[in-house]
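Chemist: Questions regarding the structure given below will be posed in turn.
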Amino acid sequence: MCKGLAALPHTCLERAKEIKTKLGTLLQKPDSAIDLIIPYPEKPEKPAKAQKPSPDEALQWRESLEKLLQNAYGLAGFRSFLRSEFSEENIEFWIACEEYKKIKSPTKMAEKAKKIYEEFIQTEAPKEVNIDHGTKAVTMKNLVEPSASSFNEAQKRIFALMEKDSLPRFMRSEFYQELIK
């Protein structure tokens, strides 16, 4: 099981991505032909019983988004849900920030900071997240000398947005309702 937001293990994120791929087919139809090319096993596998949370554990996700994101199955399901709502950029940004905080090398940190900025923060970015001008300005200022906390304000804003808007809709989703039965 994954523990701690600030220290999500790399394998936890990999497992979440794997589960997301499997759950994605259940939550939405392919957007384009490229989605049909993704190598799925010939016989779609369900996540192993031990990996699927108990209804009680899934019910705890209602308490906080943090609890949901600490669970690989929950993270994958939430990410697939956001993808179905065309707002996957929020969770992708949050995950990118978590991975960024683990980087020790100043060179690699600067490279990753630039990538995150270009992908999520800059105006007209391919996956631009919805942050206010002030937060964007603080983030840009922080990137002059990248540090592990460069994206903290923006990440907090996106976390709050997901917790306030996306999480309640996820809790009403068919996927979540089936988990808590």
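The values are calculated or read from the model by the stated rules, or taken from the named source; none is laboratory data. Bear in mind the structure is a predicted one, so any value in this text is a computation, not a measurement. No Cβ is skipped: glycine too gets one built from the backbone with ideal geometry, and neighbour counts run over all protein chains shown. Heads up: the accessible areas ignore ligands, DNA and RNA and are worked out on the full protein's heavy atoms, side chains in. Shrake-Rupley method; radii C 1.70, N 1.55, O 1.52, S 1.80 Å.
Chemist: Please list E119, E163, E145 in order of solvent-accessible area, largest first, computed with a 1.4 Å probe with all protein chains present.
Modeler: Working: E119 45, E163 70, E145 150 Å².
These residues rank, largest area first, as E145, E163, E119.
Chemist: Continuing with the same structure: Going from most exposed to least, what order do S166, S105 have by accessible area with a 1.4 Å probe?
Modeler: Heavy-atom accessible area, descending, gives S105, S166.
Chemist: Distance check, please: which entries in K102/K136; K156/K181; K67/K114; K115/K156 exceed 26 angstrom between their Cα atoms?
Modeler: Among K102/K136; K156/K181; K67/K114; K115/K156, the Cα-Cα distance tops 26 Å for K156/K181; K67/K114.
Chemist: How high is the relative contact order of segment 55-180, in percent, counting Cα pairs under 8 Å that sit 6 or more residues apart? It would help to have the intermediate numbers written out before the result.
Modeler: On the way: 99 pairs, mean separation 37.5, N = 126.
Relative contact order comes out at 30 percent.
Chemist: Between E66 and E145, what FRET efficiency comes out of the Förster formula 1/(1 + (r/R0)^6) with R0 = 25 Å and r the beta carbon distance, rounded to 0.05?
Modeler: Once rounded, the FRET efficiency stands at 0.30.
Chemist: For K115, K127, K141, what's the largest-to-smallest order of accessible area, 1.4 Å probe? Please report the intermediate quantities before stating the final value.
Modeler: Numbers: K115 120, K127 75, K141 155 Å².
Largest accessible area first, the residues go K141, K115, K127.
Chemist: Let me ask something additional. Any idea what Rg and Dmax come out to for segment 55-180 if you just take the C-alpha atoms, in Å?
Modeler: 15.3, 47
Chemist: So if I average 1/r over every pair of distinct C-alpha atoms in segment 116-181 and take the inverse, what Kirkwood radius in Å does that give?
Modeler: 13.5
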